[in-house]
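So the structure is just underneath, and the comments pick up after that.
The values are calculated or read from the model by the stated rules, or taken from the named source; none is laboratory data. In this text, all values refer to a predicted model and were calculated from it rather than measured experimentally. All Cβ positions, glycine included, derive from the backbone under ideal geometry; neighbour counts span all protein chains shown.
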Amino acid sequence: MNEQTQIPAAALMERMDQIEKKVDKIGEIIVTLARVEERLVSVIEAGQEQSHQITVQEQRLSSLEVLSAQRDAIATRLEKGVWMIVGTVLSIAVGGVFLWIRVSAGN
């Protein structure tokens, strides 16, 4: 064979060692990528769950707003009714006092 085409055994072993190191690095990178993918999937799932929870909370808040408005309307009507009763009672009481004064003054 031609002397230029022959590769010394030491150089060949060194080259094989370099290739083996590169293959090992590629293996480590693949493992790291798999871990990163798992984390991304976990983060995406957590984000979707949070989005679902936010949607549920928005629905609950909307229903509470409607309920609050209904209760506010009831409370307003009740307050008006109480003031009507208080006004009526005070009117009767004042009328009774004036009647008592008129009757007392007539004697």
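A few comments on the model shown:
- Single condition Thr5 does not satisfy, out of (1) hydroxyl-bearing (Ser, Thr, Tyr); (2) assigned to a helix (DSSP H, G or I); (3) loosely packed, with under 10 Cβ neighbours inside 10 Å: (2)
- For beta carbons closer than 7 Å, sequence separation of 6+ or different chains, a first residue in the stretch 22-39 that is of a type in the set (S, T, N, Q) and a second that is at pLDDT 95 or above and in a helix (DSSP H, G or I), there are no qualifying pairs.
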